[in-house]
Amino acid sequence: TALRAVFDSLDGTTRGSHEIRRSGAAGELTGTSRAWTFGDEQPVDVVRTVRNAVSRRMIGRDVDVSLHADDFEVHETETVTRAAVALLIDQSFSMVVNDTWRDAKTMALALHTLASTAYPLDALQVISFANVARVVHPHELPDLEASYVQGTNLQHALMLAGQFLDRHPGAQRMVLVVTDGEPTAHLLPSGEGWFTWPPAPETIAETVAQVDRMTRRRVPISWFRLGDDPGLARFLDEMARRNGGRVLAVSADRLGDYVVTDYVRSRRG
């Protein structure tokens, strides 16, 4: 439903087409095969399947060459990640105050549905961040609520995103960040989040360091800026220049449109 709502809002004449392409295979072929079992979706190994049927006839078990269920073999495949996507969502209380949290959560549900159905070889990790950041598992998304603890810990979120992307070195890697406020918290050596307003120089420095690490990974960041906070606008513009990414100023009701479109555009190069 979330994905349908996003695509219903798209203007196909100005935003491009949104066709879905499937490879029809469960992964990359490994060069080996095995006996077919009920429920297998791997491609059939036609040569070995027919050879099994012929061999059965030659040893006198059958008169004509015909295929039986136990003749079938399938190619072994292994899952290869095509794209690794880290979606970072601001979970701070300001998202509730500014009435953007519901749209952000709907967007996350839509993107997860699209990635898991249209691009099953992609790896998507959702990371929410308030005073600290955490990985959000797919089954948690529908009931995820905004935090009532002060803090926008973008530094911790980028750190978790980097750890996730490092596990997929051969994939096309991308980071999408949705936020409505400047970084106001960072992680202390003890593992606790430290908050201050206005943003402290230490918080900004720690956040910029994580952006620079993402740049050294050659991973551009797409920033989706909600609201019209001039401080946030200046900060994100500077981060885009440092990282080589881009900033999109979006209204909450078009957030899903822009994030889903950016994801499809980025994975096509």
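Brief remarks follow.
- Summary value for the range 148-269: 26 percent relative contact order, contacts being C-alpha pairs under 8 angstrom separated by 6+ residues.
- Solvent accessible area, Å² - Val135, 1.4 Å probe, full protein context: 50
- Prolate/oblate/rounded label for the range 190-250 (Cα gyration tensor, a/c 1.5): oblate
- Spacing of the two label points (7 Å from each Cα toward its C-beta) at Asp253 and Val46, in nm: 5.3
- One decimal place: the segment Asp99-Met58 gains 7.4 nm when fully extended, by the rule 0.36 nm per residue minus the C-alpha distance.
- Residue-span extension gain [Ala118 to Asp228] - 0.36 nm each, minus C-alpha spacing: 36.2 nm
- When the surface is traced with a 1.4 Å probe over the full set of protein chains, Met214 keeps roughly 0 Å² accessible.
The values are calculated or read from the model by the stated rules, or taken from the named source; none is laboratory data. Since this is a predicted model, take the numbers as computed values, not measurements. Note that we place each Cβ from the backbone using ideal geometry, even for glycine, and neighbour counts take in every protein chain shown. All accessible areas refer to the heavy atoms of the entire protein, side chains included, with ligands and DNA or RNA removed. Shrake-Rupley method; radii C 1.70, N 1.55, O 1.52, S 1.80 Å.
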